[in-house]
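This report concerns only the one structure given below.
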Amino acid sequence: STFYERYHSLEDIYDWINRTTHDNPNTVKAILVGSSYEKRPLYALKLSLNDRPNKKAMWIDCGIHAREWISPAFCLWFVHYSLSFYKQNADITHILDNMDVYVLPVMNPDGYKYTWTTNRMWRKNRSLSKRSACIGVDLNRNFDANWCTEGASHDPCTEIYCGAFPESEPESQAVADFLRSHKDSVQLYLTIHSYSQMLLFPYSCRLDEAENHSDLLEMTQEAAQQIKRYYRNIYKHGAGAKTIYLAPGGSDDWAYILGIKYAFTFELQDLGRYGFLLPPSRISRACNEALLAVKVIAQRVLEKT
Ligand code: 0X9
Ligand code: ZN
């Protein structure tokens with residue numbers, strides 16, 4: 001198997017970031033967007049394949065939830081595909097000619113590290129609480145979008161602990177700060193999770209429809225159709241609150257409310273047979289499906305804006 005068909009330790013991913021920037025000095029830059037609770041750097045790669053002025057941008061983050069290993073694997077896969085197939089594949093070329101891409105491969109490095117060393121099923125970050133011996137905040141409940149209402153918890157011992165206040169965690173604050181300062185260029189926000197095969201969009205923090213609901217629905221419908229056609233796999237799609245559950249404080253809803261009107265959460269393979277423990281032999285298929293969805297959605301965003 002190739003490098004991209006395996007899961008990688010955090011150290012390997014940092015080395016990969018280094019290599020990728022060194023090997024592509026004109027097109028890839030590493031941006032330090034912040035650091036984790038345990039002081040690990042949060043690097044986002046900026047892919048800028050074409051130096052047209054005033055380009056729009058998309059953001060992709062992976063690894064919010066530590067145990068969802070297919071997610072960082074997808075971010076690496078996406079960067080590799082973009083660099084390898086620019087000028088080879090028409091879809092990715094069109095996208096990269098018109099958009100810069102920011103890729104944060106591991107938003108929760110402390111949690112990711114912990115899943116490699118101690119507890120494979122860890123979800124949250126690793127921050128200590130003032131009021132409890134329980135560790136970790138669910139970073140996808142820590143954003144300022146109906147923060148800690150129904151679907152999140154104030155109890156640090158739960159898997160959906162929202163933290164002491166919105167953006168209390170350095171990881172969510174770093175991403176929020178970056179997007180706030182780049183909101184004029186970033187038109188598409190993508191966050192990659194697993195599992196359950198879904199393409200979700202706002203809102204998840206409230207039951208009513210987003211202002212451009214029908215646009216978002218159409219885009220995810222087309223992406224799901226393409227996945228079904230090429231990979232014979234079924235992806236559900238729809239607004240988060242109605243498709244899975246109410247879950248406030250998520251990064252997609254927060255980005256949407258900030259003004260990034262195309263915001264999506266992808267839940268990659270599988271449907272539960274392996275769950276978070278998706279075997280390495282399934283990485284290529286899972287990533288190719290998700291890549292197809294990214295292409296469809298990014299193309300549609302380019303047409304609309
Ligand atoms: O519950 C979540 O955070 C996500 N599912 S997961 O199994 N990967 O934990 C879904 C997130 C959907 N979006 C929001 N809740 N904002
Ligand atoms: Zn997740």
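The values are calculated or read from the model by the stated rules, or taken from the named source; none is laboratory data. All figures in this text were calculated on a predicted structure; none of them were measured in a lab. In this analysis, Cβ positions are derived from the backbone assuming ideal geometry, glycine residues included, and neighbour counts consider all displayed protein chains.
What the table shows:
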| quantity | calculated |
| --- | --- |
| Residue within the stretch 121-129 that is within 15 Å of ligand 2 (Cβ to nearest atom), exposed (fewer than 15 other Cβ atoms within 10 Å of the Cβ) and either modelled with pLDDT of 95 or more or not hydroxyl-bearing (Ser, Thr, Tyr) (or both) present | yes |
| Unmet criterion (only one of (1) hydroxyl-bearing (Ser, Thr, Tyr); (2) under 20 Å from Trp69 (Cβ atoms); (3) assigned to a helix (DSSP H, G or I)) for Tyr256 | (2) |
| Residue in the stretch 226-242 that is small (Gly, Ala, Ser), within 15 Å of ligand 2 (Cβ to nearest atom) and under 26 Å from Asp144 (Cβ atoms) present | yes |
| Condition check for Arg206: surrounded by fewer than 22 Cβ atoms within 10 Å (Cβ to Cβ), modelled with pLDDT of 95 or more, among the basic types (Lys, Arg) and closer than 18 Å to Ser251 by Cα | yes |
| Residues within the stretch 92-109 that are within 16 Å of Ala57 (Cα to Cα) and touching a residue at least 60 places away in the same chain (Cβ under 8 Å), tallied | 8 |
| The stretch 175-201: number of residues that are of a type outside the set (A, V, I, L, M, F, W, C) and either part of a loop (DSSP other than H, G, I, E, B) or within 13 Å of ligand 2 (Cβ to nearest atom) (or both) | 10 |
| Residue that is farthest from ligand 2 (Cβ to nearest atom), among those in the stretch 130-147 that are outside any loop (DSSP other than H, G, I, E, B) and touching a helix residue (DSSP H, G or I) at 6+ places or on another chain (Cβ under 8 Å) | Leu139 |
| Qualifying positions in the stretch 202-218 - assigned to a loop (DSSP other than H, G, I, E, B) and within 15 Å of Lys242 (Cα to Cα) | Pro202, Tyr203, Ser204, Cys205, Arg206, Leu207, Asp208, Glu209, Ala210 |
| The one condition in (1) closer than 24 Å to Tyr43 by Cα; (2) touching a residue at least 24 places away in the same chain (Cβ under 8 Å); (3) in a helix (DSSP H, G or I) that Ser127 fails to fulfil | (3) |
| Selection from the stretch 56-102 of residues that are out of contact with any strand residue (DSSP E or B) (no Cβ under 9 Å at 6 or more places or on another chain) and of a type in the set (A, V, I, L, M, F, W, C) | Ala66, Trp77, Phe85, Ala90, Ile92 |
| Some residue of the stretch 139-148 being closer than 27 Å to Leu291 by Cα and aromatic (Phe, Trp, Tyr) | yes |
| Criterion: of a type in the set (Ser, Thr, Tyr) and without any contact (Cβ under 8 Å) to a residue 12 or more places away in the chain - qualifying residue of Ser251, Ser284, Ser214 | Ser214 |
| Check on Leu271, part of a helix (DSSP H, G or I), surrounded by fewer than 19 Cβ atoms within 10 Å (Cβ to Cβ) and modelled with pLDDT of 95 or more | no |
| Qualifying residue in the stretch 153-174 (condition: away from ligand 2 (no atom under 16 Å from the Cβ) and within 16 Å of the chain's Cα centre (by Cα)) | yes |
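Quick grid of which residues meet (1) modelled with pLDDT under 95; (2) within 16 Å of ligand 1 (Cβ to nearest atom); (3) surrounded by 24 or more Cβ atoms within 10 Å (Cβ to Cβ):
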{"residue": "Ala30", "(1), (2), (3)": "no, no, no"}
{"residue": "Val33", "(1), (2), (3)": "no, no, no"}
{"residue": "Arg52", "(1), (2), (3)": "yes, no, no"}
{"residue": "Trp59", "(1), (2), (3)": "no, yes, yes"}
{"residue": "Ile64", "(1), (2), (3)": "no, yes, yes"}
{"residue": "Ala73", "(1), (2), (3)": "no, yes, yes"}
{"residue": "Leu83", "(1), (2), (3)": "no, no, no"}
{"residue": "Asn89", "(1), (2), (3)": "no, no, no"}
